[in-house]
1. When only alpha-carbon atoms are used, what values of Rg and Dmax, in angstrom, describe the stretch 405-543?
2. Can you list which of the trypsin sites (Lys or Arg not before Pro) found in the stretch 291-342 are DSSP loop residues with at most 13 other C-beta atoms within 10 Å?
3. Consider all pairwise Cα distances in the stretch 201-248 and report the whole-number % of them above 12 Å.
4. Could I have the simple spin-label model distance between ALA396 and THR493, label points 7 Å from Cα toward Cβ, reported in nm to one decimal?
5. Where in the stretch 453-489 does the amide nitrogen come within less than 18 Å of the point 7 Å from the Cα of ALA408, taken along Cα to Cβ?
6. Report the residues of the stretch 196-210 in range of a label on GLU289: point 7 Å along Cα→C-beta, backbone N strictly under 20 Å from it.
7. Heavy atoms only, 1.4 Å probe, whole protein assembly: order ARG91, ARG146 by accessible area, highest first.
8. Kirkwood hydrodynamic radius of the stretch 178-316 from all distinct Cα pairs, in Å?
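The values are calculated or read from the model by the stated rules, or taken from the named source; none is laboratory data. Nothing here was measured: the structure is a model prediction, and the numbers come from that model. Quick reminder, even Gly has a Cβ in these numbers, built from the backbone with ideal geometry, and neighbours come from all protein chains shown. Only protein heavy atoms, including side chains, enter the accessible area calculation; ligands, DNA and RNA are left aside. Shrake-Rupley method; radii C 1.70, N 1.55, O 1.52, S 1.80 Å.
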Amino acid sequence: MAVFRSGLLVLTTPLASLAPRLAPILTSASRLVNHTLYVHLQPGMSLEGPAQPQSSPVQATFEVLDFITHFYTGAEAHRNLDVRILLTNIRTKSAFLPPQPISVQNLAHPPEVVLTDFQTLDGSQYNPVKQQLERYATSCYSCCPRLASVLLYPDYGARELPMEPMDVPLFSTIRPASPVARSPKQPVRGYQRGAVGGTFDRLHNAHKVLLSVACILAQEQLVVGVADKDLLKSKVLPELLQPYAERVEHLSEFLVDIKPSLTFDIIPLLDPYGPAGSDPSLEFLVVSEETYRGGMAVNRFRLENGLEELALYQIQLLQDLSHKENEEDKVSSSSFRQRMLGKLLRPPHRSELPPSLYVIGLTGISGSGKSSIAKRLKDLGAFVIDSDQLGHRAYAPGGPAYQPVVEAFGTDILHKDGIINRKVLGSRVFGNKKQLKILTDIVWPVIAKLAREEMDWAVTEGKHVCVIDAAMLLEAGWQNMVHEVWTVVIPETEAVRRIVERDGLSEAAAQSRLQSQMSGQQLVDQSHVVLSTLWEPHITQRQVEKAWALLQERIPKTHQALD
């Protein structure tokens with residue numbers, strides 16, 4: 001069966017009858033489309049007869065909003081599909097703008113195949129119907145020159161779909177803030193300007209529901225607040241968040257695709273209120289169950305500042321049926337970020353290391369749990385080089401760094417027995433960049449030489465994977481000594497707590513230590529694999545085992561590329 005990068009699905013069955021058929025429709029579509037699946041709602045349209053079918057407006061009702069939510073919910077089972085329900089022909093009760101002239105809409109990914117749920121009378125792939133489908137699709141949207149068309153119903157088999165319409169009401173997923181009773185057929189009110197906000201990291205189906213409802217309600221302009229800076233600090237694994245510009249790029253492409261007639265004002269959200277709290281021209285705000293209290297707080301803030309309340313529309317959270325033990329039970333960007341742990345984020349270095357040894361540089365901020373990760377990797381078969389132990393060897397009397405350090409900093413850094421007092425030495429260089437550079441210029445090359453000797457020893461022992469456990473791996477510029485950099489991340493607050501508990505330092509001293517190191521974000525930006533010890537030990541173990549298994553899969557391929 002052919003697989004296309006993008007496709008257009010034209011749904012002609014009335015929504016209430018279509019609801020129980022979504023799963024097989026999506027399953028069939030997923031076999032044909034590998035990436036973007038655009039969905040066009042035109043219930044009641046016929047593809048039979050000599051006249052070419054024309055696009056007609058669809059009344060925006062709560063049934064339509066619920067259907068959109070259910071469709072995106074069903075799409076969670078097919079994450080290879082980037083589903084986008086097109087809203088151009090969906091109209092609210094009070095449209096402020098005159099009807100738009102009929103024109104061909106450009107899409108970010110021109111469809112290569114057009115599909116439909118239209119069922120011919122004889123149940124066959126009736127060619128004139130397919131031709132009508134192609135003509136209809138190309139009259140509405142920009143499509144590839146050689147557009148293929150497919151009727152989905154014959155693929156299902158006679159038993160898989162009921163022949164008679166099923167008037168099954170959709171489960172209600174959209175709630176206006178007012179307690180007024182609503183029916184599925186009740187028209188949805190339109191507004192000129194409204195707002196919606198979120199992090200919008202790795203745009204997923206729950207985001208798409210939120211944005212789609214906001215786009216249907218808005219007739220002229222939609223203000224979209226995208227969380228940034230301080231609002232990101234409390235997020236799970238913030239180091240793995242997409243950069244603001246990247247999130248905005250994906251968001252903008254999606255919004256322009258689904259409703260190009262709207263004007264979109266995408267702005268950074270730097271406080272909990274954003275423009276929703278201060279813009280007098282806004283009329284509504286779309287929130288989720290989780291952020292409904294925030295919406296109420298926005299309205300209180302508006303009233304305190306002499307502004308009218310916004311109409312709140314609350315969206316039910318999408319449940320994630322495949323969530324793991326430590327993940328949220330809703331469709332969530334934080335769960336997606338957790339699933340990135342252990343995976344390769346960027347291609348490995350093309351290193352000049354011995355071809356028989358694959359080297360991992362393991363790093364992380366103080367207190368991140370790096371040593372526990374190194375131990376787990378050792379248990380899985382890696383040869384582990386502890387840079388701290390190499391440092392002790394370098395500083396020891398007779399060691400390669402001993403005499404140069406004493407000459408640079410004087411004999412008053414020595415204990416009575418001649419051993420370097422590292423606490424005294426540390427107090428000399430701490431907070432003094434010039435003195436610190438003098439020390440690192442002496443010690444880092446020495447430790448690097450000792451590490452290379454250890455790597456040679458790993459080869460003689462027949463090891464294939466070597467891990468260099470080094471907190472200052474990137475600061476020391478040892479990237480050329482490894483094929484991949486693996487970073488262990490935890491929130492700074494947790495790192496401070498662990499340092500205080502482990503080393504007996506004050507919180508201020510612990511924070512000062514972290515400030516003298518590269519931040520977790522700086523480390524992740526140069527890393528190939530990211531891990532975290534934030535959760536229970538058995539979850540950390542699963543991460544490490546996953547990372548190790550994926551490493552074993554790519555090592556032969558990587559070495560072929562390096563040869």
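1. Cα radius of gyration and Dmax of the stretch 405-543 are 17.6, 49 Å respectively.
2. Loop-located and lightly packed - LYS324.
3. Here the tail beyond 12 Å accounts for 69 percent of pairs.
4. 4.3
5. Label zone hits: 471-478.
6. Answer for this model: 197-200, 204-210.
7. Solvent-accessible surface, decreasing: ARG146, ARG91.
8. Details: mean 1/r = 0.0645 Å⁻¹.
About 15.5 Å for the stretch 178-316.
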